[in-house]
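Just so it is clear, none of the values below were taken in a lab; they were calculated from the coordinates. Given the structure is predicted, the values throughout are model-derived calculations rather than measurements. Note that we place each Cβ from the backbone using ideal geometry, even for glycine, and neighbour counts take in every protein chain shown.
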Amino acid sequence: MASKSVLGLFSDADTAANATDVLLEAGCAQEDFDVLTGCPYPEGAFGEKKPVHHVYVFPIIGALMGLSVALLLTAGTQIAYPMVTGGKPILAFPAMTIIGYEGTLLGAVLFTILGIIFESRLPRLNLAPYDARITEGYIGLLVTCPEENLDTMDQALRRGSAVDVIHEKGHPSQT
């Protein structure tokens, strides 16, 4: 059961919001459609699901890993090459804090970048249909559903007053 996508274009926000109700009546779950706009709208303005992200977890994990690597590197180096100077301890904690701080920041920054790439779902290997008119002010409703429900969602978008409906490449009713 392969999933396919269909994109409905709407000329204004009210029509797109009404079309989400038509999609829900047609049996489409809130998780199955996304709203594509070129303008910022408040979350939930179209009745779509609230996005859930976990970007905050990546810097925390990165900071802990960076601190761990920095402490292991400094302590390991001081233990592997001991240099006793004037009876001082081999592990110099004041010097280790600077490297620990830098390692923590480096880990947090690198993992934040990875987290943003991961949460943005990049790279996108299977591109869904898109239309350049979205950047000109149109609003797109991108519906992803099983292939056998594709025609039902197409008709629901048309009932919702879509200006145009665009199918994924390879669909027989592609417009």
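Which loop chymotrypsin sites (Phe, Trp or Tyr not before Pro) in the stretch 9-114, with loop taken from DSSP, have no more than 15 other Cβ atoms within 10 angstrom of their Cβ?
TYR56
List, largest first, the extents of the alpha carbons of the stretch 57-119 along their principal axes, each in whole Å.
52, 18, 12
Once phi is turned into θ = phi - 60°, what whole-Hz ³J(HN,Hα) does the Karplus curve with 6.51, -1.76 and 1.60 give for every residue of the stretch 127-135, x standing for Gly and Pro?
Here the 3J(HN,Hα) series is 7, 7, x, 8, 9, 5, 5, 4, 6 Hz.
Could you work out the relative contact order of the chain, using alpha carbon pairs under 8 angstrom and six or more residues apart, expressed as a whole percent?
Worked out over the chain, it gives 50 percent.
For the chain, which longest stretch is free of loop sites, where a loop site is one of the trypsin sites (Lys or Arg not before Pro) that DSSP puts outside H, G, I, E and B and that has at most 12 other Cβ atoms within 10 Å?
1-120
Restricting to Cα pairs below 8 Å that are 6+ residues apart, what does the relative contact order work out to for the stretch 37-103? Please round to a whole percent.
Details: 27 pairs, mean separation 23.0, N = 67.
After rounding, I find 34 percent.
Take the stretch 1-60, compute every pairwise Cα distance, and split them into 10 Å bins from 0; I just need the percent in each bin.
Per 10 Å bin, starting at zero, the Cα-Cα P(r) for the stretch 1-60 comes out as 17, 47, 25, 10, 1 percent.
Under 14 Å between alpha carbons, and skipping anything fewer than 8 positions from LYS49 in its own chain: which aspartates and glutamates qualify?
Filter leaves ASP21, GLU31, ASP32, ASP34.
Using the number of other C-beta atoms within 10 angstrom as an exposure proxy, rank MET83, MET65 with the fewest first.
MET83, MET65
Ranking LEU125, LEU24, LEU142, LEU7 by Cβ neighbours within 10 Å, fewest first, what do you get?
Values: LEU125 6, LEU24 15, LEU142 18, LEU7 23.
Taking fewest neighbouring Cβ atoms as first place, the list is LEU125, LEU24, LEU142, LEU7.
From the P(r) of the chain, can you give the percent of Cα pairs sitting at distances over 19 Å?
67 percent
Can you give the angle from 0 to 90° between the axis of helix 57-80 and the longest principal axis of the chain, with both taken from C-alpha atoms, to the nearest 10?
Approximately 20 degrees, to the nearest 10.
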